[in-house]
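Structure first, then comments.
We did not get these values from a lab; they are worked out from the coordinates using the rules stated. Treat the numbers as computed from the prediction; the structure is a model and nothing was measured. Please note: Cβ atoms are built from the backbone with ideal geometry, for glycine as well, and neighbour counts cover all protein chains shown.
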Amino acid sequence: MSDVVPPRPGLAADANVPAAEAPALRERAAADPEAFWLEQARRLEWTTPPTEAYDGADFPFVRWFADGTLNVARNCVDRHVDAGHGEKTALLWEGEPGDERRLTYADLQAEVARCAHALTALGVGRGDVVVVYLPVLVETVVVMLACARIGAVHSMVFGGFSAEALRFRVVDGAAKLLVTTDGQYRRGRTVPVKDNADAAVDGVDSVEHVLVVRRTGQDVAWTPGRDVWWDEVVAGQPAEHEAEALPAETPLFLIYTSGTTGKPKGLVHTMGGYLTQTAWTAWACFDHRPDDVYWCQADLAWVTAHTYEVYGPLANGVTQVLYEGAPDAPHRGRHFEIVAKYGVTVYYTAPTLVRTFMQWGEDVPAAHDLSSLRLLGSVGEAINPEAWRWLHTHVGGGRCPIVDTWWQSETGAAMVAPLPGATPLKPGSATRALPGLSVRVVHEDGSTCAPDEGGLLVVDRPWPAMARTVWGDPDRFVTSYFADFRDRGWYLAGDGARIDGDGYVWLEGRVDDVMNVSGHRLSSIEVESALVSHPRVAEAGVVGAPDATTGQTIVAFVVLRDGDTADPTDDLRAHVTRELGPVARPSRVVVVDALPKTRSGKILRRLLLGLTRGEEPGDTTSLVDPEGFAALAADYRC
């Protein structure tokens, strides 16, 4: 039985969704989810308020609030200024070298207006795709909002992606404009960026201009007539811009899924439904308050940042921190230093970073004043109980609830997460589906699994923020997500899960991360959690290797805590046996310097699985360190 952490009494009473009101809210939302979401839509500013919620006549190509019109940028910026909050700080930006920018909502309004005029001057209009290849800068947020303001579609690409990965997204979207920078700072080094941008757009006829932000000041190649400097085209534009009201189903952005299993999918998210669920879940889950200083530490290219670093917090008028650099630059306490410096109250991070903090040791956060924190969050993959408890104890001081969220690029916003003032927490569980949303765990034939029985996680009811299609390939949208249960109207998440007797959801990793050992189905996350609970282990990635006798055997790739060099095999095999039983004991323990992870912090177990099968890794461009994985693969094969 997992330990249960009840809501803190003060928070239970004064949270945005207090404990006393939550049961009635859930009942009302379950009884009429369309009415519930129409009610949440009214929290936004609409030029034409919607009168209808859900339209599923062409499921799975759904529509929400289709008879309404709004402007997303007005909702995130202008309406706060109009309400008298123009002098409130919107963005606290910290560069890796230590430079700073502070923008009020009035400042942000002026910057977005200038950028919107500049985009129009460069020929960008409604429906045009703008690819943004930038690090975490103020300009990155500004160009996202400027695109939203004029009805252009932004497609964010991580600044560390290769030219090939960038080119695919430029070509697939038939982008008219690429926004990039001369370079970026990464762990104290100046890293070139524009060379990749130039290679990506070379020969692409759709690209008319490359808009370049000056960040590092390094020399860059220049194509006259195509390349323009941000400061030269944006700075002189008017600081006022009339925001056009756009239909709710107007595309807002493209977000590409990982390309490790084939061509990446460009998921299309639209304006009205996305902003409704994004704004409400940010308000309800992160308990946004007028005096909050909020920090979601995701890179701005990831869907986490779209939803809970740009559109959600800004729609709610929150002050938030943006940090350009790595968490260990120039020292391992940089994140905690920033929390103390700005008085951060809500900190939203990833389990993989928490496990890195664990590897560095509790002395790192202990050296900083973290007393301003009142709420913590987790995203990216299931957080193992050991990491949950470490974060709760050593960063949150035992007082901060952890909002562990389950959602995906495809869902657009949080689906399973606690209401921090109302939901008792179980370390390692994302708790329950949020009001107005519904998930279940089923067998392959669609029948419901028994409590604590593992199966397929499905969303069994459409929701406002869901992706509308795959860009240019609607058939792939259907076959990827709805083909298995289309007749029931269910979305197949691709994750394994179980639901306990209290209705709490426990994620068990991707469906293809489930191992079959002598007829026993074991999830990778289950074994990884057992390994990480050992004091010698900082991180673990577990996969099944083919075995003629048992079907699969378990191979554990582990990162040891700093300074540990002794062979851990016997210790860890014995520990897993005690924790889970002999069937879960790894047949091989491989010590590695780092696990292969995407830029969003997810372990790519698929690559580790390929190693055990003797397969070539294929596309590794989505990894943080492709060269590091190549070295790991070479060592494994020796």
Eligible aspartates and glutamates near K176 by straight Cα distance, threshold 15 Å, same-chain separation 8 or greater | D128, D198, D202, D205, E208, D227
In debye to the nearest 20, the charge dipole size for the range 143-289, taken about the Cα centre with +1 at each Lys and Arg Cβ and -1 at each Asp and Glu Cβ, equals 620
Taking neighbour Cβ counts within 10 Å as the exposure measure, how do S371, S206 sort from fewest upward?
-> S371, S206
C-alpha center-to-center spacing [the range 567-627, the range 56-90] in angstrom = 43
Footprinting proxy, R486, R389, R167: sorted fewest to most Cβ within 10 Å, the residues are R486, R389, R167
Given a cut-off of under 8 Å on Cα pairs at least six residues apart, what relative contact order in percent is computed for the range 365-437?
-> 30
Have a look at Y311, Q297, L457 and report the one farthest towards the positive end of the charge dipole of the chain, computed about the Cα centre with Cβ charges (Lys/Arg +1, Asp/Glu -1).
-> L457
How many angstrom separate the Cα center of the range 9-37 from the Cα center of the range 484-502?
-> 24
If the chain between T577 and W229 were fully stretched, how many nm would it gain, using 0.36 nm times the residue separation less the Cα-Cα distance?
-> 119.3 nm
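At a 10 Å Cβ-Cβ cut-off, how would you order T423, T393, fewest neighbours first?
On the way: T423 23, T393 13.
Ranked by crowding around the Cβ, least crowded first: T393, T423.
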Have a look at the chain and give its Rg and Dmax from the Cα atoms, expressed in angstrom.
-> 23.7, 72
Placing one equal point scatterer on each C-alpha of the range 518-637 and summing with Debye, one gets log10 I(q)/I(0) at q = 0.17, 0.22 Å⁻¹ equal to -0.84, -1.35
So what are the three principal axis dimensions of the range 29-120 from its Cα atoms, in whole Å, longest to shortest?
-> 51, 32, 30
Among S524, H534, A574, the residue whose Cα sits farthest towards the positive end of the charge dipole of the range 518-637 (+1 at Cβ of Lys and Arg, -1 at Cβ of Asp and Glu, taken about the Cα centre) is S524
Cα centroid separation - the range 375-397 against the range 408-458, whole Å | 18
Taking the Cα centre of the range 217-256 as origin, work out the dipole magnitude from +1 charges on Lys and Arg Cβ and -1 charges on Asp and Glu Cβ, in debye rounded to 20.
-> 160
Treating only Lys and Arg (+1) and Asp and Glu (-1) as charged, each at its beta carbon, one finds that the range 518-637 has a dipole about its Cα centre, in Debye to the nearest 20, of 400
Determine the sum of side-chain charges near H575: Lys and Arg each +1, Asp and Glu each -1, restricted to other residues whose C-beta is under 13 angstrom from that of H575.
-> -1
Summing -39500 (n - 2.57) over every DSSP H run of at least 4 residues in the chain and dividing by its residue count gives a helix-only mean residue ellipticity at 222 nm, to the nearest 500 deg cm²/dmol, of -8000 deg cm²/dmol
Return the Cα extents of the range 100-255 along principal axes one, two and three, sorted largest first, each rounded to a whole Å.
-> 40, 35, 28
